[in-house]
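Please read the structure below before turning to the comments.
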Ligand code: ZN
């Protein structure tokens, strides 16, 4: 009767979302929100970013949030790390997986982390060495950001994306996904670049992280699914964007993404009603913040029945 989920929805709201809004969500509210996401069936959450609190006060409680998330059985607890120092803090906090953004755009890389792309590849190598030393069970993803275009330099060469994905894997990352940081991707491009990256690094090609800046977020996720991608980053209520990519707002809305897959018969393991209910603690923790999503607005269609994969 039941089957395993066929796609993995990786919720990034507590990191990508919260670090992009002005307000800081109080820690207890964050923990309630993460509990509600977990209760809906989400089994991978990017819960925090290990950056200096001076830069991102929203993430100052990263260690505490990780500690709580680690108490939820079966949850993969992920954290973003911008560099070796962040990786060390995340590994010490006990996360299961770290993700390091590496920009395909030379201009974005300098603006975002003040390092060239080549220097970031070397950072991946150093982080891999550290992890082998102190936490060899922890997985490392190096996600290629600005993989589909950059607000600073414009077009990003596809050859650069493919080269960088190969380089971070060679440097020790377990997987490399592609991020449409600036919301510039289109479905034909998504198919083409994911196909090329898969040809380069095979099943080490990781998640699709799409933005809905121009309304193509779901279409781009579907295009990625069509060429074999099975992990998708999204954010409850579409919270977040990228503070270093001006005008780039709007992660793909988790509720709409889960609805799309479930309606197609592709199992996510996530209960849509409970997922929509997880908006309440988000709203309570960030009063006045706009929440997005067509499915929560419209409600589930009449007669829509979800056979949950994890029951
Ligand atoms: Zn994002």
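Where a number appears in this text, it was derived from the coordinates with a stated rule and is not lab data. For clarity, every value in this text was computed on a predicted model and none was experimentally measured. Note that we place each Cβ from the backbone using ideal geometry, even for glycine, and neighbour counts take in every protein chain shown.
Which residue, 113, 77, 252, has the most motion in a Gaussian network model of the chain that connects Cα atoms within less than 10 Å? Of 113, 77, 252, the most mobile in the Gaussian network model is 113.
Beta bridges per DSSP, both residues in the chain: antiparallel share near 10 percent. Springs between Cα atoms under 10 Å define the GNM used for the chain, and in it the highest mean-square fluctuation of 227, 102, 124 occurs at 227.
For a footprinting-style exposure proxy, rank 197, 229 by other Cβ within 10 Å, fewest first.
229, 197
In the chain, helical runs assigned H by DSSP with n ≥ 4 each contribute -39500 (n - 2.57); averaged across all residues and rounded to the nearest 500, the mean residue ellipticity at 222 nm is -12000 deg cm²/dmol.
Distance between the 7 Å Cα→Cβ label points at residue 273 and residue 291: 1.7 nm. Of the residues 174, 133, the one with the fewest other Cβ atoms within 10 Å heads the list, and the complete ranking is 133, 174. Each eigenvalue of the Cα gyration tensor of the range 185-274, multiplied by 5 and square-rooted, gives one semi-axis; in descending order these are 20, 19, 11 Å. Stokes-Einstein diffusion of the chain at 25 °C, 0.890 mPa s viscosity, Kirkwood radius from Cα pairs, rounded to a whole number: 128 µm²/s. Residues 260, 59, ranked from the fewest to the most other C-beta atoms within 10 Å, line up as 260, 59. Using C-alpha pairs under 8 Å with a sequence gap of at least 6, the mean separation divided by the residue count of the chain gives a relative contact order of 22 percent.
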